Amino acid sequence: QYKMRGNIISFNIGGMGCSSGIIALDLAKDLLQLHSRSYAVVMSTENITLNWYMGNKRSMLLPNCLFRMGGAAILLSNMRRDRRAKYQLTHLVRTHKGANDRSYRCVFQEEDEHQQIGLSLSPELMEIAGDALKANITTLAPLVLPLSEQLIFLATLICTKVLKIKHTKPYIPDFKLAFEHFCIHAGGRAVLDELQKNLGLTDTHMEPGRMTLHRFGNTSS
């Protein structure tokens with residue numbers, strides 16, 4: 001139908017929720033490192049009809065109000081002539097918390113007592129997301145932060161993990177020293193508030209995410 005060449009490889013990553021976009025980018029990055037002079041198109045879509053809940057359980061009705069239909073796409077290239085592209089993918093860090101039962105079940109597809117299928121959101125969702133963010137920051141920090149921030153971060157890590165010093169306040173690095181702009185996942189006001197608090201960002205840094213939420217709603221895809 002689309003008259004594509006026979007050597008084009010297509011991957012379908014479904015049912016992964018908000019994380020599918022990052023997983024797809026990671027896959028595209030690996031493929032471009034393997035295949036020289038190539039392009040990769042990443043398309044991320046959200047289809048709420050698959051998990052539309054028809055029952056009466058509150059925790060499973062919430063996704064009907066939060067999530068939307070939508071999508072986005074990005075073209076990646078490793079061609080030498082495309083080096084003038086507006087953006088360059090430098091680092092991509094993923095944190096997997098699925099081995100933890102609380103994390104695994106915080107957004108879970110299941111049946112209610114009347115066999116109606118839907119998504120159940122845990123009340124601990126924001127706390128779990130905060131823990132995942134801290135783990136992700138630990139991996140990301142050495143890649144992007146200036147040496148001064150890395151040393152403070154390392155000293156705090158040694159005090160808590162190696163020396164086991166109690167009451168050591170966790171140090172949140174100042175990522176404003178590494179990035180000029182922040183594109184925060186617009187998964188809801190609570191998500192944006194939590195990230196702003198944890199990362200110590202200003203209202204100016206949060207404006208793109210908040211305006212995206214204001215104009216288009218929850219753009220989790």
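The values are calculated or read from the model by the stated rules, or taken from the named source; none is laboratory data. Computed from a predicted model, the values in this text were never measured in an experiment. Neighbour counts run over all protein chains shown; Cβ positions are idealised from the backbone, glycine included. Accessible surface areas use protein heavy atoms only, side chains included; no ligands, DNA or RNA. Shrake-Rupley method; radii C 1.70, N 1.55, O 1.52, S 1.80 Å.
Can you pull out the trypsin sites (Lys or Arg not before Pro) in the range 117-221 that DSSP calls coil and that have at most 16 other Cβ atoms within 10 Å? Of the trypsin sites (Lys or Arg not before Pro), the ones in loops of the range 117-221 whose Cβ has at most 16 other Cβ atoms within 10 Å are LYS164, LYS166.
Protein heavy-atom surface of the chain, 1.4 angstrom probe: 56% of the accessible area is carbon and sulfur, with nucleic acids and ligands not counted.
How big is the gap, in Å, between the Cα center of the range 35-67 and the Cα center of the range 113-139? The range 35-67 and the range 113-139 have Cα centres separated by 15 Å. Using R0 = 30 Å, the C-beta based FRET efficiency linking ARG5 and ALA85 works out to 0.85.
Can you tell me what share of the DSSP beta bridges in the chain is antiparallel? A percent to the nearest 5 is fine.
100 percent
The longest stretch of the chain left intact once loop-based GluC sites (Glu not before Pro) with at most 14 other Cβ atoms within 10 Å are removed from consideration, loops following DSSP, is 1-112.
Let me spell out the model: positive unit charges on the Cβ of Lys and Arg, negative unit charges on the Cβ of Asp and Glu, origin at the Cα centre of the chain. What dipole size does that give, in debye rounded to 20?
820 debye
Rolling a 1.4 Å probe over the heavy atoms of the protein chains gives the chain an accessible area of 74 Å² per residue. The Kirkwood hydrodynamic radius of the chain, based on inverse pair distances between different Cα atoms, is 20.2 Å. Given LYS97/LYS164; LYS134/LYS161; LYS57/LYS97; LYS134/LYS197, which pairs have Cα atoms separated by over 18 Å? As for pairs spanning more than 18 Å Cα to Cα, those are LYS97/LYS164; LYS57/LYS97. The loop-placed chymotrypsin sites (Phe, Trp or Tyr not before Pro) in the range 8-81, going by DSSP, that have at most 15 neighbouring Cβ atoms within 10 Å of their Cβ come out as PHE11, TRP52.
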